[in-house]
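The values are calculated or read from the model by the stated rules, or taken from the named source; none is laboratory data. Keep in mind that what you see is a predicted model, and the values were worked out from it rather than measured. We place every Cβ from the backbone using ideal geometry, glycine too, and count neighbours over all the protein chains shown.
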Amino acid sequence: MSSAKRVKLDVPEQEEQPFIPILANELLEDTPLTKVFVGKIQDSKSISEVIKSLNLLLPIPSLAHLKRINKQEVLLVSTSDLAKDKIYEYLETNGFNINLLYTDFREVEVAKIAPKTRLQYEKVQKLWPCNFHPDKYLEKLVTNTLFNSLEINVHKTYMSMAILVATEAKKLHITEYDSGVVVVDPKVNSVVALGYSESHHNPCKHPSMVAIDNVAKTQSGGAWKSYEPIPDSSNLNLNGCHPKLFKILLKKFPHINFGASKFQIDHEQKEPSDPYLCTGYYIYLTREPCIMCAMALIHSRVKRVFYGKSSDNGGLGTLYKIHVIKDLNHHYEVFRTLCENKCELVNEL
Amino acid sequence: MSNDANSDISAVITLADHEQYFMEKAFFYARQALDKQEVPVGCIFVYENNILAVGRNEVNKTKNATRHAEMICIDEILKHCKENDLDFKKMISFVDVYVTVEPCIMCAAALFNLNIRSITFGCRNDRFGGSTVYDVSKVIKPTTVVKGGYRACEAMELLKDFYKGQNPNAPLPKVRIKKS
């Protein structure tokens with residue numbers, strides 16, 4: 001496929017992409033390289049014999065992502081396993097017919113591991129042919145083409161709501177800081193809970209921590225009682241929203257749903273689709289959460305995090321990327337809101 | 001793995017008598033958590049050799065995954081300070097934490113940010129540990145001294161007992177119904 005054609009397919013139209021995915025470094029950096037010795041086949045007619053024989057007698061499991069042959073050259077052995085002057089002996093003692101190759105071996109750089117993205121693949125492919133199985137979803141993330149304009153508008157709306165939470169919570173003296181959080185259940189497209197800093201009361205009550213506890217309140221839980229919840233009026237539960245803020249948001253966002261899906265207290269009747277912690281929820285924050293909050297969101301099994309401004313103590317891009325630690329049992333996606341003029345939203349933060 | 005001068009979490013450690021007493025208390029609350037079908041982690045906060053706060057995991061009770069034993073103790077100390085008109089920030093920096101399991105990344109960050117004086121724990125936390133899984137001290141330069149490895153096997157056994165049983169709050173696994 002020509003590269004011009006591919007670009008057309010991947011980017012349907014030039015859309016504004018105000019949300020930048022925060023990805024693991026291994027997806028952004030070049031594929032690590034390693035050095036191997038290669039030999040040249042004397043007669044092109046014996047190519048298939050050489051490959052067959054090498055794969056049988058001298059397989060290289062750690063470099064299985066590489067093709068064994070490049071034009072008339074074959075991959076023999078990693079330079080870390082063998083000195084150049086020992087290659088001949090190595091091939092011969094392992095039963096390989098040495099007469100099929102020229103005896104001057106060459107050192108080349110190749111991909112040490114399989115490339116994960118197309119961009120990485122295109123770079124290492126130039127060094128030595130390589131297998132690559134593109135992950136469609138991942139490609140959309142790395143090229144930042146995951147959201148269509150409709151989805152972008154939805155995310156922008158919730159982000160502007162988080163900004164409103166920040167300003168209104170301060171006006172109402174609920175918080176002393178400029179930070180707001182909106183937790184959304186994308187399955188029912190509804191605002192489940194709100195958050196803001198209460199660290200003037202408790203140094204651990206950062207916006208995410210308050211939001212997480214407010215979500216718990218929609219599931220007959222919660223540890224911090226800070227407001228009298230609104231009594232249930234519909235089939236959705238409004239316990240996660242501070243009543244005073246809810247009133248204001250309802251006026252400013254008349255087309256947005258509020259409330260969490262009803263939660264069964266009786267474990268016997270519990271359906272698999274019942275809310276469990278923040279499973280499946282999206283969280284919109286005006287500021288990047290700190291390390292503590294980033295991990296709290298992992299524990300809470302959030303699905304996606306959108307944040308506005310980066311924080312000096314941020315755990316999702318600034319100090320570290322907590323969400324890409326492989327050993328953790330849960331991972332969420334993170335998007336930073338573009339801080340350039342392209343997105344007027346963030347200027348309000 | 002952290003090998004900072006003020007942190008030692010890899011060794012099996014022996015504790016002074018008064019520290020052993022505090023750890024025994026922490027184990028008491030860990031076992032209590034297990035009885036309540038919570039992840040069995042127990043924690044106590046000590047100030048000038050007095051126990052000021054005790055905590056055990058309350059995640060399932062509160063439906064809040066951040067209600068770890070350490071976070072509950074922090075809230076208790078805060079309450080104590082408010083009730084007695086004490087300076088929380090100052091007081092907490094003289095607190096020694098005894099906890100049966102290495103604090104997770106979240107709790108380690110919270111405790112480091114509060115300048116807790118020391119943390120003594122039982123077993124390592126291979127799932128979430130704030131040193132073992134990701135070394136929080138690399139980015140939040142703490143003044144806190146961390147040591148671990150006291151009665152580690154016992155602390156780990158408690159966790160294993162819990163994970164053998166089913167977490168009552170976890171959603172039921174989706175069962176695929178075969179079409180007949």
Residue check for B:Ala110: under 12 Å from the mean Cα position of the chain (by Cα) and over 22 Å from B:Gln37 (Cα atoms): yes
Scope region A:171-191; condition crowded, with 18+ Cβ neighbours inside 10 Å and not aliphatic (A, V, I, L, M); matching residues: A:Thr175, A:Ser179, A:Gly180, A:Asp185
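Every residue, every condition in (1) buried (at least 19 other Cβ atoms within 10 Å of the Cβ); (2) touching a Lys or Arg at 6+ places or on another chain (Cβ under 6 Å), yes or no:
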{"residue": "B:His18", "(1), (2)": "no, no"}
{"residue": "B:Lys25", "(1), (2)": "no, no"}
{"residue": "B:Phe28", "(1), (2)": "no, no"}
{"residue": "B:Pro40", "(1), (2)": "yes, no"}
{"residue": "B:Ile44", "(1), (2)": "yes, yes"}
{"residue": "B:Glu48", "(1), (2)": "no, no"}
{"residue": "B:Gly55", "(1), (2)": "yes, no"}
{"residue": "B:Lys61", "(1), (2)": "no, no"}
Only one of A:Ser220, A:Ser234, A:Ser226 that is polar (S, T, N, Q), out of contact with any strand residue (DSSP E or B) (no Cβ under 7 Å at 6 or more places or on another chain), away from every other protein chain (no Cβ under 14 Å) and outside any helix (DSSP H, G or I): A:Ser234
Within region A:205-215, considering residues that are in a helix (DSSP H, G or I) and within 10 Å of chain B (Cβ to nearest Cβ), the one nearest to the chain's Cα centre (by Cα): A:Ser208
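Name every residue in region A:194-204 that is closer than 26 Å to B:Ile116 by Cα, within 13 Å of another protein chain (Cβ to nearest Cβ) and touching a helix residue (DSSP H, G or I) at 6+ places or on another chain (Cβ under 6 Å), in order of residue number.
The initial filter retains those residues of region A:194-204 that are closer than 26 Å to B:Ile116 by Cα, namely A:196-204.
In the following step, the residues that additionally are within 13 Å of another protein chain (Cβ to nearest Cβ) were identified as A:198-204.
Result: A:Glu198, A:Asn202, A:Cys204.
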Conditions (1) buried (at least 16 other Cβ atoms within 10 Å of the Cβ); (2) more than 27 Å from A:Cys278 (Cα to Cα); (3) under 17 Å from the mean Cα position of the chain (by Cα); number of the one not met by B:His68: (2)
Test: residue in region A:170-188 that is within 21 Å of B:His68 (Cβ to Cβ), within 12 Å of chain B (Cβ to nearest Cβ) and among the β-branched types (Val, Ile, Thr): no
Only one of A:Lys187, A:Lys262, A:Lys270, A:Lys251 that is modelled with pLDDT of 95 or more and not small (Gly, Ala, Ser): A:Lys251
Residue match in region A:241-252 (condition: outside any helix (DSSP H, G or I) and in contact (Cβ under 8 Å) with a residue 12 or more places away in the chain): yes
Selection from region A:279-310 of residues that are assigned to a loop (DSSP other than H, G, I, E, B), at pLDDT 95 or above and more than 8 Å from every other protein chain (Cβ to nearest Cβ): A:Gly280, A:Tyr281, A:Glu288, A:Pro289, A:Val302, A:Lys303
Those residues of region A:281-310 which are over 15 Å from the mean Cα position of the chain (by Cα), among the small types (Gly, Ala, Ser) and closer than 24 Å to A:Val154 by Cα, in sequence order: A:Ser300, A:Gly308, A:Ser310
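Which fully enclosed helices (runs of 4 or more DSSP H) of region A:55-170 have 2 or more residues being acidic (Asp, Glu), out of contact with any Phe, Trp or Tyr (no Cβ under 7 Å at 6 or more places or on another chain) and surrounded by fewer than 16 Cβ atoms within 10 Å (Cβ to Cβ)?
A:87-93
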Test: residue in region B:61-69 that is in contact with a strand residue (DSSP E or B) (Cβ under 6 Å, 6 or more places away or on another chain) and closer than 30 Å to A:Ile298 by Cα: yes
Sole residue being more than 29 Å from A:Asn214 (Cβ to Cβ), surrounded by fewer than 19 Cβ atoms within 10 Å (Cβ to Cβ) and among the acidic types (Asp, Glu), chosen from B:Asp126, B:Asp75: B:Asp126
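Yes or no, residue by residue, for (1) surrounded by 24 or more Cβ atoms within 10 Å (Cβ to Cβ); (2) over 31 Å from the mean Cα position of the chain (by Cα):
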position	(1), (2)
A:Ala193	yes, no
A:Ser199	no, no
A:Pro203	no, no
A:Gly221	no, no
A:Leu236	no, no
A:Pro243	no, yes
A:Leu249	no, no
Identity of the residue in region A:311-337, more than 14 Å from A:Ile212 (Cβ to Cβ) and hydroxyl-bearing (Ser, Thr, Tyr), that ends up farthest from the other protein chains (Cβ to nearest Cβ): A:Thr337
Hits in region A:216-244 (condition: among the aliphatic types (A, V, I, L, M) and touching a Lys or Arg at 6+ places or on another chain (Cβ under 8 Å)): A:Ala216, A:Ala223, A:Leu236
